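Okay, so here's the structure we're looking at.
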Amino acid sequence: MTQKIFNSILLTVIVTNIVTVILVDVLNDDNITHIGIFVIAVLIGIVSALRMSRKITRPLVEVNPDNPKINYSEINPLINKIRIQKGKICRQSNEVKSGREQLSLITENMSEGIVIADPKTNILSCNTGALKLFGAEDVRTGDSIYLLNNSENFRHCIQNAMGGRNSTCILKTSGGDREIIASPSNTTDTVNGIVVFILDVTERQQLETMRREFTSNVSHELKTPLTTIYGISDMLVNGIVRPEDVGQFGQNIRSEAERLIILINDIVSLSKLDENSVPRDDTGTDLYNIAEEVIDRLRHSADERNIKLSLTGEHIELTGNRTVLDEIIYNLCDNAIKYNKDSGHVDIKISHIPTKILITVSDDGMGIPPEHINRIFERFYRVDKSHSRQIKGTGLGLSIVKHGVMYHNGNIRVESTVGKGSVFIVEFPIEKR
Ligand code: ADP
């Protein structure tokens, strides 16, 4: 614009000068004087054109679209449009900014990881969750996604997604197990990038392993007595057993069948606790009364080995599930007898402190080596396999105790010395009334 104004002013000035020169020519005949006057006239023309054009355009150059004060009324509509446009851009940019801030606030507070990568596998966005889950705190936007994890599984998963296919895999990292879900963002045939979700599945994988181990243990434990029962009955059917041994063989079948029943009952109890399908009683249960009943049921096996059972403490009520509370006390007392020496002692105490109800079962039996203490609550775990062959048990008793205690919001701990005995202490929170 400045150029155009300048050109028109310059043209006007030059034409005026030429006319002036022609006039001078008519009045004066000297050539040098002609040229001199012409040059001066042109220079004056250029300078004044320059100054005038600057003067005309200055208000336009210096105009503030937010507060336009300009004398050219023709330009005002344009200024108005610019101002409206600027307002729109400002609003849109604020919206984008607040949207981005909101998105970042949401993703930054997620425990799951989210990574967005371009088709060259460079990171466009990556939340803190992803960095933590991969243990790769130094990785930045623009870095290769493989800096987060370079395992073959991860590469394969990302390459599949880059090829336009949804892909998942489980990675074992030093921090635990991670599930990767990589999803492509496609338009027709082109992959514009991928979104990768990272989940911490350590607990899920552990549960899955436990479930698999449990199933295989159960199958094994069921198979052993069933094989014995089948073998003995086969011999009986084929008449291989001498008549005087039939009674003993019959006894063996009974004891294996008994073992199966105990095992199945234990499995059923555990599954109920696992599934949270145990109902809560409407009324409280007196723990001292339960302990008395348990002692009655175990008296016979204790007497067989001259083990003394004693119960002390007070009548305290706890609301929960009576059958589960019975199983807790029964299993602890049964173990205290089973893993005791002949003529040993088992003391049961029901008591309370201001915040807790306590059940304490102590024995002066064989005790538990410290390296096994943390494992005795695992399913099918038995400390001494050679001993355990003589002492009957499923290895599920303490698992049932632990889950039963957890069902009642309590906790259990053990103090034990090898050769001296063990104390199992169950603590339940006192219910506020
Ligand atoms: P089990 O059916 O073998 O008794 P439990 O789950 O009840 O299974 O116990 C797991 C293991 O813990 C037992 O095999 C035993 O080795 C150990 N244990 C439990 N209670 C006692 C105890 N009072 N004294 C010594 N060892 C014990």
Likely footprinting exposure, Phe154, Phe377, fewest C-beta neighbours within 10 Å first: Phe377, Phe154
Label point distance in nm, Val39-Asn153, each placed 7 Å from Cα along Cα→Cβ: 8.9
Proximal charge balance of His352 [Cβ under 11 Å; K/R count +1, D/E count -1]: -1
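Of Lys392, Lys272, how do they rank once you tally other Cβ atoms within 10 Å and put the fewest first?
Lys392, Lys272
With viscosity set to 0.692 mPa s and temperature to 37 °C, compute the Stokes-Einstein D of the chain, Rh being the Kirkwood radius across alpha carbon pairs; µm²/s, no decimals.
In µm²/s, the coefficient rounds to 105.
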Largest-first principal axis extents, alpha carbons of the range 318-367, Å: 36, 25, 14
Stokes-Einstein diffusion coefficient of the range 103-231, Kirkwood radius over Cα pairs, 25 °C, 0.890 mPa s, in µm²/s: 149
Spacing of the two label points (7 Å from each Cα toward its C-beta) at Thr128 and Val47, in nm: 6.8
Where trypsin sites (Lys or Arg not before Pro) fall in DSSP loop in the range 41-132, at most 12 other Cβ within 10 Å: Lys69, Lys120
Placed amide H near Thr285: partners under 5 Å, 5+ positions off or other chain: Leu318, Thr319, Gly320
Potential extension, Val15-Asp303 segment - 0.36 nm per residue separation minus Cα distance: 90.0 nm
Top positive-direction residue, dipole computed over the chain with Cβ charges, set Ile56, Val237, Thr323: Ile56
Calculated [θ] (222 nm, deg cm²/dmol) that DSSP helices of n ≥ 4 give over the chain, each run adding -39,500 (n - 2.57): -18000 deg cm²/dmol
Estimated dipole of the chain in Debye, rounded to 20 [Cβ of Lys and Arg +1, of Asp and Glu -1, Cα centre]: 1760
Normalised contact order of the chain, rounded percent, pairs of Cα under 8 Å and 6 or more residues apart: 8
Under 16 Å, Cα to Cα: Lys pairs in the range 280-410, sequence gap 8 or more or different chains: 6
Ellipsoid semi-axes in whole angstrom, largest first, where each is sqrt(5λ) of the Cα gyration tensor of the range 222-348: 36, 22, 10
More than 20 angstrom apart: percent of Cα pairs within the range 199-282: 55
At least 24 Å along the helix axis (C-alpha) and Kyte average at least 1.6, DSSP helices within the chain: 2-27
Candidate aspartates and glutamates - alpha carbon under 16 Å from Lys88, same-chain residues fewer than 8 apart omitted: Asp66
All lysines inside 23 Å of Lys172 as judged from Cα atoms, apart from same-chain residues fewer than 8 positions distant: Lys132
Residue order, fewest to most beta carbons within 10 Å, for Arg259, Arg305: Arg305, Arg259
Two-decimal Rg/Rh across the range 341-433, once Rg and the Kirkwood Rh are taken from alpha-carbon atoms: 1.00
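Each value in this text was obtained by applying a stated rule to the coordinates, not by laboratory testing. Computed from a predicted model, the values in this text were never measured in an experiment. Cβ sites come from the backbone with ideal geometry, for glycine too, and all protein chains shown count toward neighbours.
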